[in-house]
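Structure first, then comments.
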Amino acid sequence: MPVDVDRVCMAPSAAKYRLTFTGQWTQTAFPKHYPLYRPPAQWSPIIGVTHSSDYHIWQRNEYASNGVREFSERAEAWTLIKEVEAAGERIQSVYGLFSAPAVVGGTGQATTEFEVYARHSLLSFIVRIVPSPDWFVGIDSLNLCEGDNWIENISLDLYPYDAGTDSGFTFSSPNFETIPQDKITQIIASFPSHPANSFYYPRLKHLPPIAKVSLTKIKNNQIFSLPIQPTQSNQIPSGNEIDGSLINTPLDCEVSVWSPWGLCKGQCGEKGVKHRTRYIHMHPANNGAACPPLEEKKLCIPDNCV
């Protein structure tokens, strides 16, 4: 969360920025339940606003609006856009609404441009993680003004959030409405603390960033050029733009609980043997812990002797 969002911005005139969203959702960084099909890992369109400090499109530890619910669950933006427009008309807290296209892959980029003014110097946006129950990434109230100057450029790592409206544990979970609704929370490696959760990596202290956003102020002599259309690139950029592509998150083997012991097999008058088994829930990846034994046996006395 940004600090001092209530500072008065004294920057002259307006500023124009180029926003570049970069997906870093790779199978090596997030190997657990990584979606490969129906649908594969990808990102929804970006919905963003420039606004004053008395408005939030979403806020950590607060309840999601109906618009955020529909967007985080289904990437349907109609209600969210209406909420933004209503806030702008009612309290004059929203200056601009903008979007960028979807990224049809876990990695790739989407780019767009927007303007900010002194009275509306904060930036917020939201992007749905697809597929997911109600998970998203975004920024809440980033102040692009410092005193009487506009920030020239800034890059921020993005981490997943849970909108608190669906209780699914995995990327492809069926709809499971959360009743009563929970507040928006950040998803971390150990929370939700359930082995079935797709982001549950108990060996990690912190999840690697799943995406990144870069903001660059456009120079004054560039503002007079024709406005560019939102652009998209689904290729991993060259150089070091996507450090997440080099991350190898260890995924430990996960197995089921033991089955009940089977029947004792052996000759009457002699000791027999009985077995129990378990099966693999999740195979290890990226040098994660190997699977433990899947079968156990122990001596017993046959119970089928007359």
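The values are calculated or read from the model by the stated rules, or taken from the named source; none is laboratory data. The structure presented is a predicted model; accordingly, all values stated were derived computationally and were not measured. Because the Cβ atoms are built from the backbone with ideal geometry, glycine has one as well, and the counts that use them run over all protein chains shown. With ligands, DNA and RNA removed, areas are computed over all heavy atoms of the protein, side chains included. Shrake-Rupley method; radii C 1.70, N 1.55, O 1.52, S 1.80 Å.
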Query raised in the report: Which Cα, out of A15, S65, C300, lies furthest along the positive dipole direction of the chain (beta carbon charges, K/R +1, D/E -1)?
Result: C300
Query - Charge dipole (the chain, unit charges on Cβ, about Cα centre) - positive-most of T178, N220, P250 - result: P250
Requested in this report: Mind listing the long-range amide H neighbours of I184? Cut-off is under 5 Å, sequence gap 5 or more, other chains count too, H placed in the peptide plane at 1.01 Å from N.
Outcome: N61, E62, Y63, A64
Query - Charge dipole (debye, nearest 20) of the chain; +1 at Cβ of Lys and Arg, -1 at Cβ of Asp and Glu - result: 1000 debye
Requested in this report: With r as the distance between the Cβ atoms of C268 and K297 and R0 = 22 Å, compute the FRET efficiency 1/(1 + (r/R0)^6) and round to 0.05.
Outcome: 0.70
Requested in this report: Send over a whole-number figure in Å² for the accessible area per residue of segment 1-220, probe 1.4 Å.
Outcome: 44 Å²
Query raised in the report: For the chain, modelled as a GNM with alpha-carbon contacts under 10 angstrom, which of E85, E296, E146 fluctuates the most?
Result: E296
Query raised in the report: Which residues' amide hydrogens lie under 5 Å from the amide hydrogen of Q24, considering only partners 5 or more residues apart or on another chain, with H built in the peptide plane?
Result: A211, K212
Report task. Report which label in [x] 17.1; [y] 15.0; [z] 20.8 holds the value of mean projected area of the Cα convex hull in nm² derived from the coordinates of this structure. Result -> [z]
Query raised in the report: Across segment 52-69, in residue order, what do the Karplus-derived ³J(HN,Hα) couplings come to in whole Hz, using 6.51 cos²θ - 1.76 cosθ + 1.60 with θ = phi - 60° and x for Gly and Pro?
Result: 9, 6, 9, 9, 9, 6, 7, 8, 4, 6, 10, 6, 6, 6, 4, x, 5, 4
Report task. Could you order E70, E76, E89 so the one with the most accessible surface comes first? Probe is 1.4 Å. Result -> E89, E76, E70
Query raised in the report: Taking 0.36 nm per residue of separation and subtracting the Cα-Cα distance, what length does fully extending S155 through Q27 add?
Result: 43.8 nm
Query raised in the report: Any idea what angle helix 78-91 forms with the longest principal axis of the chain, computed on alpha-carbon atoms, 0 to 90 degrees, nearest 10?
Result: 40 degrees
